[in-house]
Amino acid sequence: MTAVFEKDWAFFKASVPDLQQYLFSDQLYWPVTIHAEGRRESASLTPGNLLLTAKRLRAGIADAQCLNELDALNNEMDYIRERWRSNWMQKCEKEFSPRLRLWEGYLRDLSEDIETHGKDYPQDVRWRTILHLLKGEMGRLSDQQASQLSTLDATLRSLAIPSAFVWEAELAGSFPREIYWFLYLAFSKKAEGGS
């Protein structure tokens, strides 16, 4: 397994066993400890983080033993999600608004200074990706959420130009351009301010 996936793998292995307990808690950000790249660090279990990590891992694991373990963890996650569907949905709905605010704040900063904040795009587009995955779980957004996301997408399109995949190349197969268009963008100085 490449270093790209080591942290994702450690997060997924630490999070899935906690998922049921998390779904019955009042916490949105459930602390998990991961061991990756020779370090111990904290991360937060949320539906969005879990869904994104699962999707990234599907693209990056080639080792048969790890694939078997990933399949088992995915099956466990899917069982818990379905068994406690209403709890899962409540967590997804609870996570959507804070992620939307983070994404809105980033786009505001980006529109004010593309040169500085455009460099952060590969990291910060994670929020937009999580919003997409949460929307898929929720089925339908409120009118306000849908309108706000649409407005933010229009802002992003006005600032960006089509480009290569922004994350590690081996992940591109799990994030097709037609669906995850926001992962295939770059910025030019002249687009700053949407002009």
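Every number here is computed from the coordinates shown, using simple stated rules; none is lab data. Keep in mind that this is a model prediction, so the values were computed, not measured. Glycine also receives a Cβ, built like all others from the backbone with ideal geometry; neighbour counts cover every protein chain displayed.
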- Message: Compute the helix-to-body angle for 47-60: its Cα long axis versus the longest principal axis of the chain, expressed 0 to 90° and rounded to tens.
- Response: 90 degrees
- Please give the calculated 222 nm ellipticity per residue for the chain, where each DSSP H segment of at least 4 residues contributes -39500 (n - 2.57) and the sum is spread over every residue; nearest 500 deg cm²/dmol? -20000 deg cm²/dmol
- Task: Can you figure out the FRET efficiency of ASP153 with GLN65, using R₀ = 45 Å and their beta-carbon distance, to the nearest 0.05?
- Result: 0.65
- Query: Taking the simple approach of a point 7 Å from Cα along Cα-to-Cβ for both GLN21 and SER42, what is their distance in nm?
  - Reply: 1.6 nm
- Query: From the backbone phi of the range 97-108, what are the Karplus-calculated ³J(HN,Hα) couplings (6.51 cos²θ - 1.76 cosθ + 1.60, θ = phi - 60°) in whole Hz, Gly and Pro given as x?
  - Reply: 4, x, 5, 5, 5, 4, 5, 4, x, 4, 5, 4
- Query: Ordered by residue, what ³J(HN,Hα) values in Hz, to whole numbers, does the range 19-29 give under the Karplus form 6.51 cos²θ - 1.76 cosθ + 1.60, where θ = phi - 60° and Gly and Pro are x?
  - Reply: 4, 4, 4, 4, 5, 9, 8, 8, 7, 8, 9
- Item | Fewest-first sequence of GLU178, GLU104 by Cβ atoms within 10 Å of each Cβ | GLU178, GLU104
- With Cβ to Cβ distances under 10 Å as the rule, what net charge do the other residues near TRP127 carry (K, R +1; D, E -1)? +2
- Query: If you average the sequence gap of Cα pairs under 8 Å that are 6 or more apart and divide by the length of the range 1-149, what percent do you get for the contact order?
  - Reply: 25 percent
- Note on the structure: Stretched fully, the stretch from GLU115 through SER188 gains (0.36 nm per residue minus C-alpha distance, one decimal, in nm) 25.5 nm
- Query: In the neighborhood of GLN27, defined by Cβ-to-Cβ distances under 13 Å, what is the net charge if each Lys or Arg adds +1 and each Asp or Glu adds -1?
  - Reply: -1
- Item | Protection proxy ranking of 105-111, 148-154 - average other beta-carbon atoms within 10 Å, highest first | 105-111, 148-154
- Item | Neighbour net charge for PHE175 - beta-carbon separation under 9 angstrom, K R +1, D E -1 | +3
- Query: Can you list residues whose amide H is under 5 Å from TYR180's amide H, if they're 5+ apart or on another chain and H is modeled 1.01 Å from N?
  - Reply: none
- Dimensionless Rg over Rh [the chain; C-alpha; Kirkwood]: 0.97
- What number, in percent, do you get for the relative contact order of the range 3-83 if the mean sequence gap of Cα pairs under 8 Å and at least 6 apart is divided by its residue count? 34 percent
